[in-house]
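What follows draws every value from the coordinates through simple rules; no lab data is involved. All values reported here derive from a predicted model rather than from experimental measurement. Reconstructed Cβ throughout: ideal geometry from the backbone, glycine too, with neighbour counts over all protein chains shown.
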Amino acid sequence: MSHWAKSASKTVLKLEQIARELRWLVVDTIYHAKDGHPGAALSAADIVAALYFHAMHIDPENPEWDERDRFILSKGHGCVIVYAALAMRGYFPLDVLYSFRSIDSILQGHPFMLKTPGIDMTSGSLGNGLGIAVGMEIARQYLGKSHFIYAIVGDGEMQEGAMWEAVRTAVKYKAAHLIVFVDQNGWQASGLCDDVGNMGDLQSKFDDYGWHCQRINGHDIKQILTSIQIACNEQSRPSVIIADTVKGRGISCFENNNKFHKGVPSLEEWETARHELMGDMR
Ligand SMILES: [Mg+2]
């Protein structure tokens, strides 16, 4: 194995371990808060690990660094995964996670940029995040900066009309530094996306609008890293990475169980999560 291949596989192993720890923090945080959206957080864990611990240029010591890459969690209800990543990166102490959803906490139930260091955009009102990301990219071009704008959107959220205005506008402005992940876990709050409002093949729709499209396994760190690298090299088109994921990924009793769209694990489920993610940690 070449030196490069060895170091690449070390990176993948490291990010896989980080994703497991992030998942555990998600479950533990929601268990203690007695409220939250674990399913949507867990499906995005590998993408968030790859972004916050490898791909994005950010500085926890200086959250408002002007040259930083920007990130928007358009499916804002899944924010615990981002809070866990910010805590692990040192934006605030890990035990602040236990204040999640408390009055006056810096960690509200949906991302709030005026409260949380490292949150670039308030979100949670579904359908808005992509348009804001396009606006950030237009601003970047206007200012002559070189950072990237990353967004994660939900597959259920792609039913929102405003998302498609943003899709069209991104092409008009040649939003080459905009990289969007669709967390395609197949579910939304009220059921299967195909039952609630079947959008058909999202990839071909983005393709028709003129986006640079990739489709990956959203839990395969190597595929995630490669797709980001390819997207960063795109010179004139916005990039979408359709990531096939599993809602609740990582814990047997959470996977494809939509009671955990918004739901708190029981003590037994919390223990199952701890065992499956962290082994016999005591
Ligand atoms: Mg979904």
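Among Tyr83, Tyr173, which comes first, second and so on when ranked by fewest other beta-carbon atoms within 10 Å?
Going from sparsest to densest Cβ surroundings: Tyr173, Tyr83.
Starting from the coordinates of the alpha-carbon atoms of the range 1-93, obtain the Kirkwood hydrodynamic radius over all distinct pairs and give the value in Å to one decimal.
By the Kirkwood definition, the hydrodynamic radius is 14.1 Å.
Just how many pairs of Lys in the chain have C-alpha atoms closer than 12 Å, counting pairs that are eight or more places apart or on different chains?
Taking the Cα cut-off of 12 Å, the pair count is 5.
Direction-averaged shadow area of the convex hull around the Cα atoms of the range 39-132, nm²?
5.9
For an R0 of 30 angstrom, estimate the FRET efficiency from the Cβ-Cβ distance between Leu114 and Ala162 and round to the nearest 0.05. Don't skip to the end; give the middle numbers.
Details: r = 23 Å, r/R0 = 0.75.
After rounding to 0.05, the efficiency reads 0.85.
Expressed as cubic angstrom per residue, what is the convex hull volume of the alpha carbon set of the chain?
Convex hull of Cα atoms, per residue: 133 Å³.
Rounded to a whole number, what is D in µm²/s for the range 132-282 from Stokes-Einstein with the Kirkwood radius over alpha-carbon pairs (20 °C, 1.002 mPa s)?
My calculation gives 126 µm²/s for D.
Within a 10 angstrom radius of the beta carbon, how do His32, His261 rank from fewest other beta carbons to most?
Numbers: His32 16, His261 20.
The most exposed by this proxy come first: His32, His261.
What are the residues whose amide H is under 5 Å from the amide H of Ile72, where those residues sit 5 or more places off or on another chain and H is modelled from the backbone?
Tyr150, Ala151, Ile152
Below 8 Å, C-alpha to C-alpha, sequence gap of six or more: please give me the relative contact order for the range 3-278 in percent.
23
Order these by the 10 Å Cβ neighbour count, fewest first: Val134, Val196, Val264.
Val196, Val264, Val134
What per residue convex hull volume, in Å³, comes out for the range 101-193 when only alpha-carbon positions are used?
Taking the convex hull of the Cα positions in the range 101-193, it is 108 Å³ per residue.
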